[in-house]
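The values are calculated or read from the model by the stated rules, or taken from the named source; none is laboratory data. Not measured: the values here are computed from a predicted model. Just so you know, the surface numbers come from the protein's heavy atoms only, side chains and all, with ligands and any DNA or RNA stripped out. Shrake-Rupley method; radii C 1.70, N 1.55, O 1.52, S 1.80 Å.
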Amino acid sequence: SLLSSCSATLQSGSSSNSRLSRLSVCQKMKILLVRHAQSGNNIVQATVHKKFAAGVTTEAQAQEEWLSLRMDDPGLSQDGLAQLAKLRKHCGKLRKKAQINGKIKMICSPMTRACQTAKAVSEALGVPVVEVRGELCEVGGIYTVERKQHAGGSAFSKVPGRAMSAQEIQTKFAGFDTSKLPPQGPWDMARGFEDTNAAVERARRVAAWLRMPELHKEVGPNGVLIIVSHADFLALLMAALYNVQVADASMNPDSEMSAHGVSECTLQQEISNNAASVYQKFRISLAATTLLYVGEKGEFAVEWMNKRSHLQDKGCSIA
């Protein structure tokens, strides 16, 4: 078994203090990262990218098509619901495979697709309460676009989008604790589009929180913290835990490139120069999982990365 023998081969971080002995791993807090299942925006991304890759559209045309069709806060697609059913069924094996014998603490992003995914996982694992945290939202936050006229024509401009309020989340998702969200108004507080630098700092804050002794004591060595979030944010969180400096151009600092489909920046020329971005290096596929061990002093190891075997018999338009 995984933790009783502590004999599994682990991937350790690049820094010297991130290497864990097989014995010490047994004493570290387990963290299960879960990416939400496919949303409506993932379908739009796949469609736009396919046309762009085939040379049917230019970068500018693909960019405009994506921005004009995307939704502020989409729910899961039909394929996403099918993925979620498979993930839910897989949760029975997860408890045994990850040797979860203690407390299960679950936190999730307030975005609809993450809440839907967290709800299914919590029910499958018998977790009565899911804590909703705004700091787990996707890079960029909730935003929409408006077409604005200028001297050369018109262009889209990003503005704050429509986010659910804490009360709306509680109404739609029974058992969700929204006490960490603003009591009034949308959880995103009309922040609007978040740039890469702000997202990197947010990921670092979450990584620091994951090392706090109080959290480790709450979860315990036999328990697990489950985080349901998004591709780009989870990649930045992994980079923070690995102590990867994303300010280096070779690691995708400011190009804001996403690897999970076509986003605002995937179509920029920088993509060819930043293929080894953290968004690709630490990417988790839709409805897939990654199991980590995190210590209070910065120790860090990965037991498995981007496990998606439970989805292999289900086709999907984008992973």
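Just reorder Ile104, Ile43, Ile31 by solvent-accessible area, largest first, 1.4 Å probe, all chains present.
Largest to smallest exposure gives the sequence Ile43, Ile104, Ile31.
Could you put His150, His216 in order of accessible surface area, largest first, with the 1.4 Å probe and the full protein assembly present?
His150, His216
How much solvent-accessible surface does Arg211 expose, in Å² to the nearest 10, with a 1.4 Å probe and all protein chains in place?
In the full protein context, Arg211 sits at about 50 Å².
Using protein chains only and a probe of 1.4 angstrom, how many square angstrom of Val244 are accessible, to the nearest 10?
Counting only protein heavy atoms, Val244 exposes about 30 Å² to solvent.
If I take the Cα coordinates of segment 109-242 and project them onto the principal axes, what are the three extents in Å, biggest first?
Between the extreme Cα coordinates on each principal axis of segment 109-242 lie 62, 37, 24 Å.
Given N residues in segment 23-146, what is Rg(Cα) / (2.2 N^0.38 Å)?
1.30
As a test question: what accessible area, to the nearest 10 Å², does Thr47 have when a 1.4 Å probe is rolled over all protein chains in place?
Estimated to the nearest 10 Å², Thr47 gives 70 Å².
Quick query: amide H of Val130 versus all other amide H atoms, modeled in the peptide plane; which residues come in under 5 Å with a sequence gap of 5 or more or a different chain?
Those lying under 5 Å, H to H, from Val130 are Phe176, Asp177.
Rank Lys281, Lys50, Lys119, Lys158 by accessible area, highest first, at a 1.4 Å probe radius?
From most accessible down to least: Lys50, Lys281, Lys158, Lys119.
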